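Everything below concerns the one structure shown next.
The values are calculated or read from the model by the stated rules, or taken from the named source; none is laboratory data. It should be emphasised that the depicted structure is a prediction, and the values quoted were computed from it without experimental measurement. We place every Cβ from the backbone using ideal geometry, glycine too, and count neighbours over all the protein chains shown.
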Amino acid sequence: MYMNNHPSPQDLLPLTPPVFHILLALAGEERHGYGIMQDVARQTNDALQLGPGTLYGCLKRMLAAGLIEESEERPDPALDDQRRRYYRMKPLGERTVRAEAQRIAAALAAAKSKRMFAGGKA
Amino acid sequence: MKSEPDQFRWVGLLCRVYAIALWAYPRAFRAQFGGEMQQVFRERCRAVARAHDLANLFRFLALSVKDWLTTSFRERFGHNAGIKASLSAVARHPATIWMLAIFICFFASTTMVRAYVISAGSMEGTLRVGDHVLADRLHSKARDIQRGDMITFLYPEDTGQTYVKRVIGLPGDRIRLSGKQVIRNGHRLEEPYAQHVASSTDPYRDNFPVEAPSYISARGREMLARHVKNGEAIVPSDSFFVLGDNRDISSDSRYWGFVPRENVIGKPLIVFWSYDAPTDELVGWNRTYLADLAQHFFTKTRWARTLLVLRSQPAQEIQP
């Protein structure tokens, strides 16, 4: 995930939990840093609390890998009138997060087949 | 759009602390993301403040410190740096340097250096009353003391006091004064550091050694009786002959004899702060002094003398 010249999602797997959830947070919607942090906390029921250093360290590497890109800078009407940098997912990011979800699903199926996974019923 | 000031003052304080903590990250990272990181941090602070939950606040603080430590290391040294690289990285990390500095201040300082305040004018011209001086304590063996060095030492007449004077004579040197002029081993000394404030001459102070006047102490009399030969004081082994730079009002070897080697503590290194206050108020932290300090810190601090490095000044020996 550090190289820009390997644009295959498989090369980037497995993703670290922060990167995976940040990509999910950006699915279909661009967000600023604090918005990403809030959405990741929502996705994980507050199990994953990203500090600013973790968040922006990940964003830096994801930008470099071509998973995401910077969008415009604008204020968030829900917060205050400060201008905030927004981030959005790139096609490679979308393919990668889908591939990671696939990988996790396969891993989960393997665990189920060994009766090592009981919860998570729909 | 709302932009009200934070109702919790500590939010602003925490954000300022965080802004300083950002210096732990590499410059490029800071330049790209520093502003956004501060925004995110501020929003998190506000959310925690609105929750009014102390446990939550502590969790948040612990998380922030952990996040800061781990990610600033990672940004500086990368995920997969080897142990050696990470060690050298740890050594260069600002947090390490700060901790080291604090460690030195608290523990190492008392053994390596000591702070003194100059409370008498006998070195005036070089050291002024109110100068706060750092002196090292590494010369207790007194091996590398040269003529012209300033030394701090325990006053031989009362070892509860620490004096600072200039070394004029090393063991074996022959010393005399004639009309305020120091003559060492037969050579007149040109002393740029010495100052004379009295226009009159004193038969003993300015012409040494001669018959002891009544006010000379027993130690001084012993020096005159045992170590004077042919009108010169001869410095015995393991001793130093010291004089104050403010030559006419200095209580020094002329009056109380040589400084034994074991009394030497070290050398003054630097004036780290100089404060213009009356002598008696400088000793101890009494209330008048503190009040004066609070009121006049900026006006009474001698800024030109603050952080003044003290150097040895060897005198020029002039051939007869």
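Some values worked out for this structure:
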item	result
Odd one out for B:Ile102, checked against (1) at pLDDT 85 or above; (2) more than 14 Å from every other protein chain (Cβ to nearest Cβ)	(1)
Residue list for segment A:40-61, filter: more than 14 Å from A:Val19 (Cβ to Cβ), buried (at least 16 other Cβ atoms within 10 Å of the Cβ) and more than 7 Å from chain B (Cβ to nearest Cβ)	A:Ala41
Candidates B:Pro260, B:Pro213, B:Pro268, B:Pro209 - the one that is of a type outside the set (Ser, Thr, Tyr), out of contact with any strand residue (DSSP E or B) (no Cβ under 6 Å at 6 or more places or on another chain) and either on the phi < 0 side of the Ramachandran plot or assigned by TED's automatic domain parsing to the domain that holds B:Pro156 (or both)	B:Pro213
The listed residue being charged (D, E, K, R), in contact with a Leu (Cβ under 8 Å, 6 or more places away or on another chain) and at pLDDT 80 or above, out of B:Arg59, B:Arg30	B:Arg30
Per-region count, segment B:12-47, residues away from chain A (no Cβ under 11 Å), within 34 Å of the chain's Cα centre (by Cα) and crowded, with 16+ Cβ neighbours inside 10 Å	1
Check on B:Ala51, over 28 Å from B:Thr96 (Cβ atoms), small (Gly, Ala, Ser) and either more than 41 Å from the chain's Cα centre (by Cα) or modelled with pLDDT under 90 (or both)	yes
Residue match in segment A:15-23 (condition: assigned to a helix (DSSP H, G or I), more than 28 Å from B:Arg59 (Cβ to Cβ) and more than 9 Å from every other protein chain (Cβ to nearest Cβ))	no
Residue match in segment A:64-74 (condition: on the phi < 0 side of the Ramachandran plot, in contact with an Asp or Glu (Cβ under 8 Å, 6 or more places away or on another chain) and in contact (Cβ under 8 Å) with a residue 12 or more places away in the chain)	yes
Test: residue in segment B:62-79 that is assigned to a loop (DSSP other than H, G, I, E, B), within 22 Å of A:Arg61 (Cβ to Cβ), modelled with pLDDT of 85 or more and not assigned by TED's automatic domain parsing to the domain that holds B:Gln313	no
